[in-house]
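Values quoted throughout were computed directly from the atomic coordinates according to the rules given, and no laboratory measurement underlies them. Quantities reported herein were computed from a predicted structural model and do not represent experimental measurements. With ideal geometry, Cβ positions are generated from the backbone for all residues, glycine too; neighbour counts draw on all protein chains shown.
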Amino acid sequence: MTAAVVGTGSIGVAFALVFARAGMTVRCWDPLPESMQRAKGDLADRLTRLDAHGLLAERPHEVAARVSFASTLSEAVQGATLVQECAPERLDLKRSLFAELAGSTGDEVVLASSSSAIRPSAIAEDLPATDRILVGHPGNPPYLLPVIEVVPSPATSAQTVEHARATYSAARLRPVALRREVEGFVFNRLQGALLREAYCLLRDGVAGVEDIDTVVRCGLGRRWSVIGPFETADLNTRGGIAAHAEKLGPAYARMGAERGQHDPWTPELVAQAEAERRALLPLEQWEDRVRWRDERLMALTAFENSADA
C-alpha cells in the first residue's frame, strides 16, 4: 500500500511516520525544497525517540527507508491509494492543491485534507473529483494520539469514506467517521468548549492558568485518558447517564446560561444518549465497568509514580 503526503511540515512528517511505521510506502512532496530537507531530519529525530521508548517494531532506519521525497507533486502521488494533504490552514491554498490532485490521480484514490476546521465542502466546491475529497483530521501528533476524524462532504461517496477508514485502520489509527460535516469537527469543538470556559474562568478571577491546567491535567485529563465524557457521566452516577442527567442537568443548564449558551439536555436527547450507552453497557454490567475504570486509573497512577521515582 502506498500513501502520498503533500506538505512536509510537522503534520506531514507525522503522517509519513504513521504510514511508514505501519509498513506502507510513503512519498512526500512540498513546494519548498528546504521544507523537505528539514522533514528528513525531523523524521529521523522522531523515529529515534520512539525507538528509545520501545514504540517501534523495527529499527528506525528500516522505517525511514519506506519514506521518499519526490521532486514533483505528480511523482509523489503516482501509485498512491490515499493522498494526505498537510498544507497550511488556508482555504485558497488547499483548493489549489486539490484541483491539481484531482487531475493527477485516478478515480479510486482518496484525497484527504488534514484541515483542523475547514469543512470539506468548502475545499471541494466546484472542483473535479468532489466525490473523492474528505477531511482526515488527526490528533496531534498522530503517532502518539491515534484518533483520526473522517469527515465527508455531502458530495463524498460512501466508497471514499470506507476506503479512507480502511487505510487509516491499516495505519493503526482509529478512524471516527462523522455523520455530517461541521466546522471544527468533533475534536476541536470539544477542545474549544473547554478552552473557552478556561478563558472565562481566568477572566472572571476564579483561578489562574496553572491551577486551571492542574484541574485538567490531574483530574479531567487523567480520567478522559481512560473514558470519554458520556461514559464518565454514565459511570459517575448509579443508575447510569439518565440518573446523572436528572441530578446534574439543571446545574449544567444554569452554568451554560451564565455563558449565554442555551442548549438544554431535553428528555429526548437524554433518552438518545441513554439508549446508546445501554447498547454499549447494560446496567447489570455497570458495577463491573466502574471497577474496570478504577483499575485502569490505578495502573496509570502506578506507572506515573514509578516514572517519577
³J(HN,Hα), Karplus 6.51/-1.76/1.60, whole Hz, each residue of the stretch 139-154, x for Gly, Pro: x, 10, x, x, 7, 10, 10, x, 6, 9, 8, 9, 10, x, 8, x
With θ taken as phi - 60° and the coefficients 6.51, -1.76 and 1.60, list the Karplus ³J(HN,Hα) couplings across the stretch 67-79 in order, rounded to whole Hz; mark glycine and proline as x. 9, 10, 10, 8, 8, 9, 5, 5, 5, 5, 8, 4, x
Quick one: among A251, A99, A16, which has the greatest mean-square fluctuation in a GNM of the chain with alpha-carbon springs under 10 angstrom? A251
In whole Hz, what ³J(HN,Hα) sequence does the stretch 49-62 give by Karplus (6.51, -1.76, 1.60; θ = phi - 60°), x for Gly and Pro? 6, 4, 5, 5, 9, x, 9, 10, 8, 10, 6, x, 5, 6
Under 19 Å from a point placed 7 Å out from the Cα of Y199 along the Cα-to-Cβ direction: which residues of the stretch 103-141 have their backbone N that close? 116-118
As I understand it, the value is the acute angle between the Cα axis of helix 91-104 and the longest principal axis of the Cα atoms of the chain; what does it come to in degrees, rounded to 10? 50 degrees
At a 10 Å Cβ-Cβ cut-off, how would you order T2, T156, fewest neighbours first? T2, T156
So who's got an amide H within less than 5 Å of the one on V5, skipping anything under 5 residues away but keeping other chains? H placed 1.01 Å off N, in plane. R27, C28, W29, Q84
Would you order W29, W292, W265 from fewest to most other beta-carbon atoms within 10 Å of each residue's own beta-carbon? W292, W265, W29
Pop a pseudo-label 7 angstrom from the Cα along the beta-carbon direction at both E258 and R217 and give the gap in nm to one decimal. 2.5 nm
Total charge of the residues flanking T266 in space, meaning their Cβ is under 14 Å from its Cβ, with Lys and Arg +1 and Asp and Glu -1, is -4
Starting from 0 in steps of 20 Å, tell me what percent of the Cα-Cα pairs of the chain lands in each bin. 27, 53, 20, 0
Under-5 Å amide H pairs with V176, H placed in peptide plane, nonlocal only: I148, E149, V150
Measuring from its Cα centre, the stretch 2-177 shows a charge dipole (+1 at each Lys and Arg Cβ, -1 at each Asp and Glu Cβ) which, in debye to the nearest 20, is 500 debye
Among DSSP bridges having both ends in the chain, what percentage is antiparallel? Round to the nearest 5. 20 percent
Taking every other residue with Cβ under 13 Å from the Cβ of E231 and scoring Lys and Arg +1, Asp and Glu -1, one gets +3
Ranked by Cβ crowding within 10 angstrom, fewest neighbours first, how are D30, D42 ordered? D42, D30
For the stretch 115-154, just list the percent of Cα-Cα distances falling in each 5 Å bin from zero outward, please. 6, 25, 27, 18, 13, 8, 3, 0
To the nearest 20 debye, what charge dipole does the chain have about its Cα centre, counting +1 at the Cβ of each Lys and Arg and -1 at the Cβ of each Asp and Glu? 320 debye
Under a Gaussian network model of the chain whose springs join Cα atoms within less than 10 Å, the largest fluctuation of V186, V226, V63 belongs to V226
Calculated from DSSP helices alone, with each H run of at least 4 adding -39500 (n - 2.57) and the total divided by the residues of the chain, [θ]222 nm to the nearest 500 comes to -16500 deg cm²/dmol
Return the single residue from Q78, Q272, Q191 with maximal mean-square fluctuation; model: Gaussian network over the chain, springs between Cα atoms under 10 Å. Q272
Quick one: give the max-minus-min coordinate of the C-alpha atoms of the stretch 203-302 along each principal axis, largest first, in Å. 44, 41, 16
Using a cut-off of 13 Å between beta-carbons, work out the net charge of the residues near P282 (Lys and Arg +1, Asp and Glu -1, P282 not included). -3
